[in-house]
Amino acid sequence: MLRVERQGELAIWVVDRPQRRNAMDWATMQAFARAVEEAVRDPALRVVILTGAEGAFLSGADLYEMAHYRTEADGYRLGQVMGDALRQLEEAPWISIAAINGPARGGGVEVALACDLRVMAEDADLAFVQVLGPHSRVGWRAALAPTGGARPGAGASPNCSPDPRGGGIPPGAG
């Protein structure tokens, strides 16, 4: 579920699925994509703050639900919806702020990277923990490319690593 609150020129989007650490199921992904589309068309909007409910930012896709979508077509549809939403978020005319209030994993990190600014709580961390399959997306490379951080084997800090143990990109993953 995505809660959208509006206060004048400010919109606050809260991914509210604490029972799954704010992992995005298909309905939440579609709601997120709709929210981005509507916001892009809103000339009065100046700032969007995106956060998660109850101490977690976004833990990526809800893998329990995604297990029911096993085909390549399902993976393409997921990638298309979220990929388009993230591109629109990156190119939006308003300022987007990821208020990272707790752990962010996989697609949650991709969402944070698509925002203009990221503000993190002291106990928040970022990690790419990919489960390979038809829903896997390596869009983080595209998101990092403009900053020069998308080199295979380039490594990362322990708090922003595809391997939760730190140490950068695992062998064979780049």
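Computed quantities for the displayed model
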| quantity | calculated |
| --- | --- |
| Order by protection proxy (mean Cβ within 10 Å, highest first), peptides 68-74, 35-41 | 35-41, 68-74 |
| Burial ranking of peptide ranges 11-20, 104-113 (average Cβ count within 10 Å, highest at the top) | 104-113, 11-20 |
| Other-chain or far-sequence residues with amide H under 5 Å of S96's (modelled H) | V48, D116, L117 |
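None of the figures in this text is laboratory data; all of them are computed from the coordinates on show. Note that this is a predicted model, so its numbers are computed, not measured. Glycine gets a Cβ as well: all are built from the backbone with ideal geometry, and neighbour counts include every protein chain shown.
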